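*Asks:* Let me begin by handing over the structure; questions about it come next.
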Amino acid sequence: MFADGPLRASTTYYYVVQAYDGSGNASLLSAPFGVTTAPDTTPPSAPYPVNVTALSPIKVRLWWNPSTDNSGIAGYEMEYRKASTPVYTPLPFSTETVYDLSPLDPGTYYVFTVRAKDVVGLVSGWISKFFQTPTLASDTTPPVISALQSQAITTTGATISWTTNEDSNSRVEYGTTDSYGSSSTLDGAWVQSHSVTLAGLVPGTVYHYRAISADVSGNTTVSDDSTLSTLGP
């Protein structure tokens, strides 16, 4: 008797058989024959519970416990809607159990829903979570700036980059003293990895610069002063 497994449902597997006697002499291989496993009719377990954490008034993180399935989990389908409308918006299919979603409206009630899908296409029931995003007024904590640096320095330009711990906009003040005097145009994209290119600098000159980021609630952080030297002419 021979047992094989674990095998995938609704799949044909092919085998050949060869016999051996007590002296180790082998027979010819048998003709190949196929065996089809029974179809999988058991859906995966639901991804319960679905949790929501506010990362900012316009951004949330969805996370849930992994589902289980006898054939294997392919991933998760997600949808969301405002509580005031019945129409759901689908989100990209994900193989992860964490998903960050933005931009959303501050101070708004949403319904987020997730279900599991297995490798043969069966799906679990939807698990939903009702959640209100924070209001702008409730967020009083400014972003934290880190990893500030200058790079791609040329005779007349440089790129200033930094990171923040929450989505925020980007601006750089710069000048030949720590009074600055010049500013880049505000980049209003809500990001955590920031990059601003400075142009029109004087060759062979030391410049002071600092990064400024504000979150969606208007909480603003200004970095410490840093310097860079443009390349000589």
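Coordinate-derived values only; no laboratory data. As the structure is a prediction and not an experimental result, all values here were calculated from the model. Ideal geometry is used to build each Cβ from the backbone, glycine not excepted, and the neighbour counts take in all protein chains shown.
*Asks:* When the dipole is taken about the Cα centre of region 145-229, and only Lys, Arg (+1) and Asp, Glu (-1) are charged at their Cβ, what size is it in debye, to the nearest 20?
*Replies:* In debye, rounded to 20, region 145-229 gives about 220.
*Asks:* Report the calculated FRET efficiency for residue 147 and residue 79 (r = Cβ-Cβ distance, R0 = 45 Å), to the nearest 0.05.
*Replies:* My answer for the efficiency is 0.80.
*Asks:* Something else now. May I ask you to sort 140, 113, 133 by Cβ crowding, counting other Cβ atoms within 10 Å and putting the fewest first?
*Replies:* 140, 113, 133
*Asks:* Mind sorting 161, 179 by how few other Cβ atoms lie within 10 Å of their own Cβ, fewest first?
*Replies:* Starting with the residue having the fewest Cβ neighbours, the order is 179, 161.
*Asks:* Per the Kirkwood treatment, what hydrodynamic radius in Å, one decimal, follows for the chain from the mean inverse distance over all distinct Cα pairs?
*Replies:* 22.8 Å
*Asks:* Among 4-15, 146-157, how do they line up from the highest to the lowest mean number of other beta-carbon atoms within 10 Å?
*Replies:* 146-157, 4-15
*Asks:* So if I place +1 on the C-beta of Lys and Arg and -1 on the C-beta of Asp and Glu, and nothing else carries charge, what would the dipole magnitude of the chain be about its Cα centre? I want it in debye, nearest 20.
*Replies:* Charge dipole of the chain: 360 debye, to the nearest 20.
*Asks:* Considering every Cα-Cα pair within region 50-137, what fraction, in whole percent, is farther apart than 18 Å?
*Replies:* Value for region 50-137 (Cα pairs over 18 Å): 42 percent.
*Asks:* Between residue 195 and residue 109, how high is the FRET efficiency from 1/(1 + (r/R0)^6) when r is the Cβ-Cβ distance and R₀ = 35 Å? Nearest 0.05.
*Replies:* 0.50
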